[in-house]
Amino acid sequence: MPAYLELKPFEDTSNVGITVSRDDGRNGSFVVRKSLENSEVLGPDVRRLRETASNAAAVASAQIADRSAEGWKKEFPATIRPLATPWQQLQGAAVNRMRELDTRRADLLANRPAIPLNASEGEKLRLTFGHEVRAAQTVNWLADKKPSDLLAAALGNRELGSLILSNPSLREKLPGDLAERLETDVMEQALTGQVAANFKVKPSYEAPLGDGPDITAASAAARQAMAAFDASRNEIAGVEMVLKSAVDFVAILGDISRAEAFGMLNG
């Protein structure tokens with residue numbers, strides 16, 4: 001391979017990819033976290049992009065072996081073109097997944113009145129108006145509270161927590177770590193309420209008349225659901241890094257700017 005360009009595949013316990021280096025010291029690596037390939041939602045698209053990149057790198061290695069830098073510059077666009085489709089497919093899948101997660105998050109954090117499905121229009125209006133009045137009164141009550149007092153009052157109280165998070169003047173009083181803690185608490189409580197009907201207390205010797213929802217089991221299920229939600233958000237962040245690394249790889253391989261490489265992949 002000519003001295004001006006070197007391609008090296010690599011693999012360790014966590015990542016797999018390809019590094020491209022130029023004789024002026026510039027280099028870029030296409031990197032895929034192995035765990036992403038096992039993602040139920042994004043894994044197939046991640047694997048497709050990695051396999052296509054590996055094939056393109058093999059073709060590139062064969063082509064540049066007997067070409068000058070100028071000759072490879074002309075050959076490069078056609079060689080790298082197959083990467084565009086799987087790159088865009090992964091990008092689209094990640095955007096769709098991100099929207100799904102954002103919608104789910106917004107639903108769990110929503111501060112809205114509890115309205116029965118069979119409520120009349122008049123009943124809906126009455127419940128909505130009452131909710132808004134109580135919300136306004138609560139915001140006034142909380143307005144002069146310290147961040148620690150806000151958090152203490154809201155933890156374990158989904159309605160109050162969601163109200164604080166949805167009100168800009170109250171939320172901005174909470175430092176980032178406290179806001180994140182409250183958001184997690186509100187989402188877990190919302191999930192607990194949603195799954196509670198699936199977990200019933202079973203009568204026992206200690207409680208022969210045991211009935212109703214098993215809140216302990218429902219809370220455990222909600223924590224598992226939150227862990228899965230956080231894992232999905234981490235996958236989105238991982239895919240973003242994969243897409244960026246592909247742009248860096250193409251930029252160095254073709255001796256072009258990142259903007260140009262992004263344009264080639266993004267279409």
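A short reminder: the numbers here are calculations on the coordinates, not readings from a lab. Nothing here was measured: the structure is a model prediction, and the numbers come from that model. Positions of Cβ are backbone-derived with ideal geometry, glycine not excepted, and every protein chain shown enters the neighbour counts.
Among residues of segment 213-241 that are surrounded by 16 or more Cβ atoms within 10 Å (Cβ to Cβ), those with a Cβ under 9 angstrom from a residue that is outside any helix (DSSP H, G or I) and among the small types (Gly, Ala, Ser), sequence gap 6+ or separate chain, pair up as Ser232/Ser39; Glu235/Ser39; Gly238/Ser39; Val239/Ser39. Taking (1) over 22 Å from Glu260 (Cα atoms); (2) surrounded by fewer than 20 Cβ atoms within 10 Å (Cβ to Cβ); (3) within 18 Å of the chain's Cα centre (by Cα) in turn, Leu42 satisfies each apart from (2).
Taken over segment 34-55, the residue count meeting the criterion of being outside any helix (DSSP H, G or I) and of a type outside the set (Val, Ile, Thr) is 3. For the condition surrounded by fewer than 14 Cβ atoms within 10 Å (Cβ to Cβ), in contact (Cβ under 8 Å) with a residue 24 or more places away in the chain, over 22 Å from Arg223 (Cβ atoms) and among the hydroxyl-bearing types (Ser, Thr, Tyr), Ser169 qualifies.
Every test in (1) over 29 Å from Val139 (Cβ atoms); (2) hydroxyl-bearing (Ser, Thr, Tyr); (3) in a helix (DSSP H, G or I) is passed by Ser204 save one, and that test is (3). The set of residues in segment 54-72 being of a type outside the set (Val, Ile, Thr) and surrounded by 14 or more Cβ atoms within 10 Å (Cβ to Cβ) consists of Ser54, Ala56, Ala57, Ala60, Ser61, Gln63, Arg67, Ala69, Trp72. Residue count for segment 13-49, restricted to those that are free of Cβ contacts under 8 Å to residues at least 60 places away in the same chain, charged (D, E, K, R) and in contact with a helix residue (DSSP H, G or I) (Cβ under 9 Å, 6 or more places away or on another chain): 4. Put simply, of Leu182, Leu174 the only residue that is in contact with a helix residue (DSSP H, G or I) (Cβ under 8 Å, 6 or more places away or on another chain) and outside any helix (DSSP H, G or I) is Leu174.
Let's see how each residue does on (1) under 24 Å from the mean Cα position of the chain (by Cα); (2) assigned to a helix (DSSP H, G or I); (3) more than 23 Å from Ala237 (Cβ to Cβ):
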position: Leu7; (1), (2), (3): no, no, yes
position: Val20; (1), (2), (3): no, no, yes
position: Ser29; (1), (2), (3): yes, no, no
position: Asp66; (1), (2), (3): no, no, yes
position: Pro86; (1), (2), (3): yes, yes, no
position: Gly92; (1), (2), (3): yes, yes, no
position: Thr103; (1), (2), (3): yes, yes, no
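For segment 79-126, filtering for residues that are touching a Gly at 6+ places or on another chain (Cβ under 8 Å) and closer than 30 Å to Leu265 by Cβ leaves 3. For Thr138, indicate whether it is part of a helix (DSSP H, G or I), hydroxyl-bearing (Ser, Thr, Tyr) and in contact with a Leu (Cβ under 8 Å, 6 or more places away or on another chain). Yes; evaluated as a whole, the condition is true for this residue.
In segment 112-133, the qualifying residues are those that are assigned to a helix (DSSP H, G or I) and among the aliphatic types (A, V, I, L, M), and the one that is surrounded by the fewest Cβ atoms within 10 Å (Cβ to Cβ) is Val133.
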